[in-house]
There are 4 protein chains.
Amino acid sequence: MLGAALREQVCQANRELPTLGLVTLTWGNVSGFDSDQGWVAIKPSGVPYGELRPADIVLLDLEGRVLDGELRPSTDTPAHLVLYRAWGGATEKVGGICHTHSELATAFAQARMELPCFGTTHADHFDGPVPLTRQLRPEEVASGYEAATGQVLVERFAGSPAMSPRRIPAALVPGHGPFTWGADAAAALNHAVALEAVAKIAHAQLALGRAIELEEFLRAKHQQRKHGRDAYYGQIR
Amino acid sequence: MLGAALREQVCQANRELPTLGLVTLTWGNVSGFDSDQGWVAIKPSGVPYGELRPADIVLLDLEGRVLDGELRPSTDTPAHLVLYRAWGGATEKVGGICHTHSELATAFAQARMELPCFGTTHADHFDGPVPLTRQLRPEEVASGYEAATGQVLVERFAGSPAMSPRRIPAALVPGHGPFTWGADAAAALNHAVALEAVAKIAHAQLALGRAIELEEFLRAKHQQRKHGRDAYYGQIR
Amino acid sequence: MLGAALREQVCQANRELPTLGLVTLTWGNVSGFDSDQGWVAIKPSGVPYGELRPADIVLLDLEGRVLDGELRPSTDTPAHLVLYRAWGGATEKVGGICHTHSELATAFAQARMELPCFGTTHADHFDGPVPLTRQLRPEEVASGYEAATGQVLVERFAGSPAMSPRRIPAALVPGHGPFTWGADAAAALNHAVALEAVAKIAHAQLALGRAIELEEFLRAKHQQRKHGRDAYYGQIR
Amino acid sequence: MLGAALREQVCQANRELPTLGLVTLTWGNVSGFDSDQGWVAIKPSGVPYGELRPADIVLLDLEGRVLDGELRPSTDTPAHLVLYRAWGGATEKVGGICHTHSELATAFAQARMELPCFGTTHADHFDGPVPLTRQLRPEEVASGYEAATGQVLVERFAGSPAMSPRRIPAALVPGHGPFTWGADAAAALNHAVALEAVAKIAHAQLALGRAIELEEFLRAKHQQRKHGRDAYYGQIR
């Protein structure tokens, strides 16, 4: 089986989606990217998570040509490919993408709101508000809809170092839902878990009528102690 | 056992109701319809889901005469029969119905609100708002209450192709709760799962104070890519 | 073991409390009453549910004298005894009581609100709003607090047939939480499940800003078809 | 293994964090303190709960010197040490600390609100509102951030007997989340469970628009019957 290790990682991450409470029915998919080989591995469309085996994971190149696999890839595949083409290189090192319709992150996306950085829980994972992309235009939806979804994500992060996809590995597409990414499929999945959790807490906070954002110096501290040059969170690897 | 395959499907769908978080106590039922034979199979009244075996499922004809089964059918049976008589033919091809009191869909029904199409998650399953039927009249409740519940559902969809039960396989009965349907019992159950999930997301969105509906062109796109003539979601069957 | 059957029923009902999502830590208790023998069986105080065996259940008479059992009975025992003395006879036939701090029912109790009859789900179990008792007075709390809790429950239902504990087997104590009851421990537990579920739905409905109550004729119909003289819900026993 | 019994207790309490619904990913930690030996045992940083074995628990002295263990202790260790130095003695007898980012307690912390005593459920565990500490200053965050978190907790309880950490074993750090403590790791964990539960109920109550606090005489009664000199809750030990 071509790309066996990558497909096993991607299979495992997809199988965890329902266990982690992130998906209903088949509403979500995780992919992985091997930048050395130029391989993308992604969930097949419409297949229940519990039945997925590594061989069901579709292996593609960056242009979307199927290299190995019997099943049709996720309809969202063009969005994943656009993101890997933009962010899969040595600068951003994105090696995994996760797309879900998880309840609270989707509620913010449907409300067309970015997710503010309200607490240290958020700051530990996302270095600032989780941004909202612009809405897609009718002509973009009519032709190449899924690729256009990837394009508005890339566009949202372009041109501002503060908005690097490494520092804020998540965004919301209006009326649709969240995308997260990371170094590999497991990291992208972890960010989807973190995003849904901080969206829940933010929603409960907003219901209390107090939209107070975290102080800048605390946000910076939590990022730095976990992700900065002198990070001291976790074990030394 | 008469209608064994149908009763097994219906038994299985009913057994999944509590697992899927759709029912409390015995508040829900799924039925199936075999249009060739004219058979309706439905849950017996007041029996716990975990104890259900296929032989407990009651087999009836379209007029409600018991063909096989020892137990009394669900009190909601007359509503199911009205729907199969109206929608069980070649036009709508309804072969399964699910009725629950699932938490959020019931909250919208009690609030006497239709469920707007707020996002692509909703559009993937329901081609427009999930409608609310009219309220039943005292005389309808006094005599033939359950059949009248079926009648207001049929009435709500009558006369408008945009409101076809195939395009919007769900509706809310005011003060009562949701009904969903589909090609068979499993499809009806899936729509009940989808309805509760989109009702949860919509409720969370409304709490954010932003009742923004999905753009028409996006709603149409999501329906078409999943259910249209050139649908490209899922695997080729 | 004296009262073995009763203690087994009560043990089983208590063990189900956490499984059903009704209790946190040890916040809840179920008791049962055998009116022929005058026996009350109740959970011991502060013992984890998972460890309960029938012999741990304390057997008392209606005056609270321990007949059998090594452990101290629940601190709420005097409330249960007051209710059995008032409602354990041939008129109300209360043979089981359940007290929890379940999340939503407790929120209504803390908000000092009765739970209105907003839907048929509610009407299937409670024939009208679930009432709120009056607040206890400082002198009642200072001396005989738990018995006084039972007294305000009895007082709330006194003198009005529409408020019969058989027709509305639940009430809320302000600042405290819900009590439910029924023919036996299992029935009391079922009503606690139903109460928490309808409280959740009501809370979600109120968040939509639409406090619409169920029509009287629908409320009466649902009670009558399930509990009336010609009830046709469930199986013939 | 040095401090085996303490490390087993701490390991067990940490392993229960996700089971009890208190943590997402690795967002939480429990420690224990042996005042006779001066030993602190705490979770290692960033290790999944399911994989924890007693030998992974790090054993430290009160100054933070590692006595036994291969892994790096939780980044929150300095906060725990400050609390044990202040409250680990014969007056407050704090022998366990639990820190989580549990959803509702964190929402109150992010909203910069103390958690009022709204009901008897709260009063059974916390003898008054769960307080909010002051916000940390930029210079405190820049240098010795985690120890400063412990300091604002100690500061919040200093100088008022009504605010004893024994009577109110919990507090919220603004923009961050809850800390709880108790006689040992298990007690601290229990208070974290109780805090999240009463925060959920309080949040649901506030959504009903009725911020009614529990009467003083009821709050005092519930504390006294469970924790006072003549406590009669639970079994005699």
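The values are calculated or read from the model by the stated rules, or taken from the named source; none is laboratory data. Given the structure is predicted, the values throughout are model-derived calculations rather than measurements. For neighbour counting, all protein chains shown are included, and Cβ atoms are generated from backbone atoms with ideal geometry for every residue, glycine included.
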Would you please list the contacts, defined by Cβ atoms under 8 Å and residues six or more apart or on different chains, that run from a residue in the stretch B:179-202 that is acidic (Asp, Glu) to a residue that is surrounded by 22 or more Cβ atoms within 10 Å (Cβ to Cβ) and assigned to a strand (DSSP E or B)? B:184/B:32; B:184/B:96; B:196/B:100; B:196/B:178
The stretch C:12-31 residues that are hydrophobic (A, V, I, L, M, F, W, C), paired with ones that are part of a loop (DSSP other than H, G, I, E, B) (beta carbon under 6 Å, 6 or more apart): C:17/C:23; C:22/C:102; C:27/C:101
Identify, please: which residue in the stretch C:116-144 is over 30 Å from residue B:177 (Cβ atoms) and free of Cβ contacts under 8 Å to residues at least 40 places away in the same chain and is, among those, nearest to the chain's Cα centre (by Cα)? C:136
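Can you pull out every residue in the stretch B:176-191 that is touching a Pro at 6+ places or on another chain (Cβ under 7 Å) and in a helix (DSSP H, G or I)?
The answer is B:191, and nothing else.
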Taking only the stretch A:82-106 into account, find how many residues are among the polar types (S, T, N, Q) and in contact with an Asp or Glu (Cβ under 8 Å, 6 or more places away or on another chain). 2
Examine the stretch B:129-145 for a residue that is surrounded by fewer than 23 Cβ atoms within 10 Å (Cβ to Cβ), under 30 Å from residue B:215 (Cβ atoms) and away from chain C (no Cβ under 14 Å), and state whether such a residue exists. yes
Condition first: within 7 Å of chain A (Cβ to nearest Cβ), more than 22 Å from the chain's Cα centre (by Cα) and assigned to a helix (DSSP H, G or I). Now tell me which residues in the stretch B:192-237 satisfy that. B:204, B:205, B:207, B:217, B:218, B:221, B:225
Tell me which residues, restricted to the stretch B:58-69, are within 14 Å of chain C (Cβ to nearest Cβ) and either more than 26 Å from residue B:193 (Cβ to Cβ) or surrounded by fewer than 20 Cβ atoms within 10 Å (Cβ to Cβ) (or both). B:64, B:66, B:69
Go over the candidates B:101, B:125 one by one and state the one that is within 10 Å of chain C (Cβ to nearest Cβ), surrounded by 19 or more Cβ atoms within 10 Å (Cβ to Cβ) and farther than 17 Å from residue B:82 by Cβ. B:101
Can you tell which of A:72, A:85 is more than 14 Å from chain B (Cβ to nearest Cβ) and at pLDDT 95 or above? A:85
From the option list C:166, C:225, single residue qualifying as more than 25 Å from residue C:30 (Cα to Cα), touching a helix residue (DSSP H, G or I) at 6+ places or on another chain (Cβ under 9 Å) and among the basic types (Lys, Arg) is C:225
Exactly one of C:160, C:164 is of a type in the set (Ser, Thr, Tyr), more than 12 Å from chain B (Cβ to nearest Cβ) and free of Cβ contacts under 8 Å to residues at least 40 places away in the same chain, and that residue is C:160
Report yes if residue B:41 is modelled with pLDDT under 95, more than 14 Å from chain C (Cβ to nearest Cβ) and either out of contact with any Asp or Glu (no Cβ under 6 Å at 6 or more places or on another chain) or within 18 Å of residue B:174 (Cα to Cα) (or both), otherwise no. no
Could you check the stretch A:204-213 and list, in sequence order, the residues that are in contact (Cβ under 8 Å) with a residue 40 or more places away in the chain and either touching a Lys or Arg at 6+ places or on another chain (Cβ under 8 Å) or buried (at least 23 other Cβ atoms within 10 Å of the Cβ) (or both)? A:205, A:212
(1) of a type in the set (Lys, Arg); (2) surrounded by fewer than 21 Cβ atoms within 10 Å (Cβ to Cβ); (3) modelled with pLDDT of 95 or more all hold for residue D:200 apart from (2)
Failed condition for residue B:23, given (1) under 30 Å from residue C:200 (Cα atoms); (2) away from chain C (no Cβ under 11 Å): (2)
Checking residue B:192 against (1) touching a helix residue (DSSP H, G or I) at 6+ places or on another chain (Cβ under 7 Å); (2) closer than 30 Å to residue A:206 by Cα; (3) not acidic (Asp, Glu), only one condition comes out false. Which one? (1)
From A:149, A:75, residue being farther than 21 Å from residue A:184 by Cβ and touching a Gly at 6+ places or on another chain (Cβ under 9 Å): A:75
Looking at D:3, D:46, which is the one that is over 17 Å from residue D:184 (Cβ atoms) and of a type in the set (Gly, Ala, Ser)? D:46
The condition from (1) small (Gly, Ala, Ser); (2) modelled with pLDDT under 95; (3) under 30 Å from residue A:101 (Cβ atoms) that residue B:105 misses is numbered (2)
Here is a list of conditions, (1) away from chain C (no Cβ under 14 Å); (2) modelled with pLDDT of 95 or more, and residue B:90 meets all of them except one; can you say which number that is? (2)
Within the stretch A:139-152, which residues are aliphatic (A, V, I, L, M) and either at pLDDT below 95 or more than 19 Å from residue B:222 (Cα to Cα) (or both)? A:142
Going by what's in this entry, would residue B:175 be described as on the phi > 0 side of the Ramachandran plot, surrounded by fewer than 19 Cβ atoms within 10 Å (Cβ to Cβ) and at pLDDT 95 or above? no
Checking residue D:75 against (1) closer than 20 Å to residue A:222 by Cβ; (2) buried (at least 23 other Cβ atoms within 10 Å of the Cβ), only one condition comes out false. Which one? (2)
